[in-house]
Amino acid sequence: MSAIATRRLSRPVTRSPEQEQAADRILEALHARLIIRVNQGIELTRLGDPGDVADQIIDRLPLAVNPWSDIVGPVYESGSLQRELGVGRQAVSKAVRELRVLRLETADGHTVYPAFQVRDGRLVSGMQRVLTALRNGIDDPWTWAQWLNAPVSRAPSEPPRRNIDRLVAGDVDAVARDAERTAASWAA
(Lines give C-alpha, C1' and ligand atoms only; values in the text may rest on other atoms or scores of the structure.)
Protein backbone atom coordinates (compact mmCIF):
# COMPACT_ATOMS: atom_id res chain seq x y z
CA MET A 1 0.00 0.00 0.00
CA SER A 2 1.23 3.49 -0.76
CA ALA A 3 2.66 5.81 1.87
CA ILE A 4 -0.16 8.35 1.66
CA ALA A 5 -2.87 5.71 1.80
CA THR A 6 -1.17 4.09 4.81
CA ARG A 7 -0.92 7.42 6.61
CA ARG A 8 -4.53 8.20 5.76
CA LEU A 9 -5.73 4.89 7.14
CA SER A 10 -3.73 5.31 10.34
CA ARG A 11 -5.62 8.45 11.30
CA PRO A 12 -8.70 8.07 13.51
CA VAL A 13 -11.63 7.65 11.15
CA THR A 14 -15.34 7.69 11.91
CA ARG A 15 -17.03 5.49 9.35
CA SER A 16 -20.51 6.49 8.38
CA PRO A 17 -23.17 3.89 7.52
CA GLU A 18 -23.08 5.26 3.96
CA GLN A 19 -19.33 4.58 3.69
CA GLU A 20 -19.75 1.04 5.02
CA GLN A 21 -22.61 0.42 2.58
CA ALA A 22 -20.49 1.77 -0.28
CA ALA A 23 -17.64 -0.57 0.71
CA ASP A 24 -20.06 -3.50 0.84
CA ARG A 25 -21.46 -2.67 -2.62
CA ILE A 26 -17.95 -2.39 -4.07
CA LEU A 27 -16.97 -5.74 -2.54
CA GLU A 28 -20.12 -7.36 -3.95
CA ALA A 29 -19.45 -5.93 -7.42
CA LEU A 30 -15.80 -7.02 -7.29
CA HIS A 31 -16.81 -10.52 -6.19
CA ALA A 32 -19.35 -10.78 -9.03
CA ARG A 33 -16.76 -9.72 -11.60
CA LEU A 34 -14.19 -12.17 -10.24
CA ILE A 35 -16.71 -15.02 -10.48
CA ILE A 36 -17.37 -14.05 -14.11
CA ARG A 37 -13.61 -14.30 -14.76
CA VAL A 38 -13.47 -17.72 -13.06
CA ASN A 39 -16.37 -18.87 -15.25
CA GLN A 40 -14.40 -17.67 -18.28
CA GLY A 41 -11.51 -19.91 -17.26
CA ILE A 42 -9.25 -17.38 -15.55
CA GLU A 43 -7.28 -18.99 -12.72
CA LEU A 44 -7.36 -16.49 -9.89
CA THR A 45 -4.92 -18.58 -7.87
CA ARG A 46 -2.19 -17.52 -10.30
CA LEU A 47 -2.60 -13.84 -9.42
CA GLY A 48 -0.49 -14.31 -6.29
CA ASP A 49 -0.99 -13.46 -2.66
CA PRO A 50 -4.56 -12.16 -2.09
CA GLY A 51 -3.25 -9.29 0.05
CA ASP A 52 -0.88 -8.21 -2.71
CA VAL A 53 -3.68 -8.42 -5.29
CA ALA A 54 -5.94 -6.33 -3.03
CA ASP A 55 -3.15 -3.75 -2.60
CA GLN A 56 -2.73 -3.54 -6.38
CA ILE A 57 -6.45 -2.90 -6.80
CA ILE A 58 -6.54 -0.29 -4.03
CA ASP A 59 -3.40 1.42 -5.36
CA ARG A 60 -5.21 2.06 -8.67
CA LEU A 61 -7.99 3.95 -6.92
CA PRO A 62 -7.83 7.72 -6.81
CA LEU A 63 -7.76 8.64 -3.12
CA ALA A 64 -8.65 12.01 -1.63
CA VAL A 65 -5.80 12.96 0.73
CA ASN A 66 -6.09 16.71 1.09
CA PRO A 67 -8.37 19.10 2.96
CA TRP A 68 -9.36 20.45 -0.43
CA SER A 69 -10.80 17.06 -1.35
CA ASP A 70 -14.33 18.44 -1.53
CA ILE A 71 -13.16 21.04 -4.05
CA VAL A 72 -10.58 19.08 -6.04
CA GLY A 73 -12.07 15.60 -5.63
CA PRO A 74 -10.13 12.34 -5.62
CA VAL A 75 -6.44 12.35 -6.46
CA TYR A 76 -3.82 9.87 -7.64
CA GLU A 77 -0.43 9.38 -6.08
CA SER A 78 2.44 9.27 -8.59
CA GLY A 79 2.66 5.48 -8.87
CA SER A 80 -1.10 5.12 -9.24
CA LEU A 81 -1.19 7.74 -11.99
CA GLN A 82 1.68 6.03 -13.79
CA ARG A 83 -0.16 2.69 -13.70
CA GLU A 84 -3.44 4.29 -14.77
CA LEU A 85 -1.79 5.95 -17.79
CA GLY A 86 0.58 3.06 -18.51
CA VAL A 87 3.63 5.32 -18.45
CA GLY A 88 6.74 5.78 -16.33
CA ARG A 89 7.81 8.47 -13.90
CA GLN A 90 9.75 10.40 -16.55
CA ALA A 91 6.70 10.60 -18.82
CA VAL A 92 4.58 11.98 -15.98
CA SER A 93 7.31 14.49 -15.04
CA LYS A 94 7.54 15.63 -18.66
CA ALA A 95 3.76 16.00 -18.89
CA VAL A 96 3.81 18.12 -15.70
CA ARG A 97 6.59 20.37 -17.10
CA GLU A 98 4.62 20.77 -20.32
CA LEU A 99 1.43 21.55 -18.33
CA ARG A 100 -0.40 18.55 -19.80
CA VAL A 101 -0.82 17.18 -16.25
CA LEU A 102 -1.81 19.11 -13.16
CA ARG A 103 0.33 18.20 -10.15
CA LEU A 104 -0.46 19.44 -6.64
CA GLU A 105 1.68 19.46 -3.53
CA THR A 106 -0.16 18.88 -0.26
CA ALA A 107 0.54 20.83 2.90
CA ASP A 108 2.52 17.86 4.24
CA GLY A 109 4.74 17.75 1.15
CA HIS A 110 3.16 14.91 -0.81
CA THR A 111 2.61 15.11 -4.55
CA VAL A 112 -0.83 14.24 -5.89
CA TYR A 113 -2.61 14.46 -9.22
CA PRO A 114 -6.34 15.27 -9.50
CA ALA A 115 -8.24 12.29 -10.88
CA PHE A 116 -10.56 14.54 -12.90
CA GLN A 117 -7.82 14.99 -15.53
CA VAL A 118 -7.80 11.28 -16.42
CA ARG A 119 -10.55 9.59 -18.39
CA ASP A 120 -10.46 6.02 -19.62
CA GLY A 121 -6.74 5.70 -18.91
CA ARG A 122 -5.84 8.85 -20.86
CA LEU A 123 -5.20 12.48 -20.03
CA VAL A 124 -7.97 14.93 -20.88
CA SER A 125 -7.16 16.80 -24.09
CA GLY A 126 -6.70 20.55 -23.89
CA MET A 127 -5.16 20.66 -20.41
CA GLN A 128 -1.92 22.19 -21.68
CA ARG A 129 -3.66 25.08 -23.37
CA VAL A 130 -5.91 25.78 -20.39
CA LEU A 131 -3.20 25.44 -17.72
CA THR A 132 -0.88 27.70 -19.72
CA ALA A 133 -3.60 30.34 -19.87
CA LEU A 134 -4.39 30.04 -16.15
CA ARG A 135 -0.70 30.30 -15.24
CA ASN A 136 -0.63 33.71 -16.90
CA GLY A 137 -3.00 34.94 -14.19
CA ILE A 138 -1.63 33.17 -11.13
CA ASP A 139 1.00 30.49 -10.71
CA ASP A 140 -0.96 28.37 -8.24
CA PRO A 141 -1.91 24.81 -9.27
CA TRP A 142 -4.45 24.55 -6.41
CA THR A 143 -6.32 27.54 -7.83
CA TRP A 144 -6.18 25.99 -11.29
CA ALA A 145 -7.59 22.72 -9.92
CA GLN A 146 -10.42 24.59 -8.26
CA TRP A 147 -11.17 26.48 -11.48
CA LEU A 148 -11.23 23.27 -13.51
CA ASN A 149 -13.37 21.30 -11.06
CA ALA A 150 -15.83 23.94 -9.79
CA PRO A 151 -19.37 23.93 -11.22
CA VAL A 152 -19.92 26.56 -13.90
CA SER A 153 -23.43 27.45 -15.08
CA ARG A 154 -23.98 28.75 -18.58
CA ALA A 155 -27.75 29.38 -18.59
CA PRO A 156 -30.42 29.14 -15.90
CA SER A 157 -32.06 26.22 -17.71
CA GLU A 158 -28.80 24.22 -17.98
CA PRO A 159 -27.39 22.14 -15.16
CA PRO A 160 -23.99 23.41 -13.98
CA ARG A 161 -21.00 21.75 -15.57
CA ARG A 162 -17.36 21.89 -14.60
CA ASN A 163 -14.70 23.29 -16.90
CA ILE A 164 -13.03 19.88 -16.92
CA ASP A 165 -16.31 18.36 -18.18
CA ARG A 166 -16.36 20.93 -20.94
CA LEU A 167 -12.81 19.90 -21.91
CA VAL A 168 -13.82 16.24 -21.94
CA ALA A 169 -16.75 17.17 -24.20
CA GLY A 170 -14.27 18.74 -26.65
CA ASP A 171 -14.97 22.42 -25.93
CA VAL A 172 -11.24 23.18 -25.76
CA ASP A 173 -11.43 26.55 -27.55
CA ALA A 174 -14.26 27.85 -25.35
CA VAL A 175 -12.64 26.62 -22.13
CA ALA A 176 -9.28 28.12 -23.16
CA ARG A 177 -10.97 31.48 -23.86
CA ASP A 178 -12.65 31.35 -20.45
CA ALA A 179 -9.30 30.47 -18.86
CA GLU A 180 -7.68 33.45 -20.57
CA ARG A 181 -10.44 35.79 -19.30
CA THR A 182 -10.17 34.35 -15.80
CA ALA A 183 -6.38 34.66 -15.81
CA ALA A 184 -6.65 38.30 -16.90
CA SER A 185 -8.99 39.02 -13.97
CA TRP A 186 -6.65 37.25 -11.57
CA ALA A 187 -3.69 39.26 -12.85
CA ALA A 188 -5.53 42.58 -12.62
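Mean residue ellipticity at 222 nm from the helices of the chain, using -39,500 (n - 2.57) per DSSP H segment of n ≥ 4 over the full residue count, to the nearest 500 deg cm²/dmol? Could you put the intermediate results ahead of the total?
Values: 10 runs with 102 residues, N = 188.
Value at 222 nm, helices only, nearest 500: -16000 deg cm²/dmol.
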- Task: Quick one, could you list the DSSP H helices from the chain stretching 20 Å or more along their long axis (Cα atoms) with average Kyte-Doolittle hydropathy of -0.5 or above?
- Result: 17-39, 172-187
- Query: When the accessible area of segment 22-144 is split by element with a 1.4 Å probe, what percent falls to carbon and sulfur?
  - Reply: 52 percent
- Interchain or long-range residues, amide H under 5 Å from Arg162's placed H: Val152
- Note on the structure: Scan of the chain for GluC sites (Glu not before Pro) in DSSP loops with at most 12 other beta-carbon atoms within 10 Å gives a longest site-free stretch of 99-188
- Query: About the Cα centre of the chain, what is the dipole size in debye to 20, counting +1 per Lys and Arg Cβ and -1 per Asp and Glu Cβ, all else neutral?
  - Reply: 420 debye
- Message: Kirkwood Rh over alpha-carbon pairs of the chain, then Stokes-Einstein at 37 °C and 0.692 mPa s: what D in µm² s⁻¹, rounded to an integer?
- Response: 176 µm²/s
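The values are calculated or read from the model by the stated rules, or taken from the named source; none is laboratory data. Remember, it's a predicted structure, so these values are computed and weren't measured experimentally. No Cβ is skipped: glycine too gets one built from the backbone with ideal geometry, and neighbour counts run over all protein chains shown. Keep in mind that these areas ignore ligands, DNA and RNA; they rest on the heavy atoms of the full protein, side chains included. Shrake-Rupley method; radii C 1.70, N 1.55, O 1.52, S 1.80 Å.
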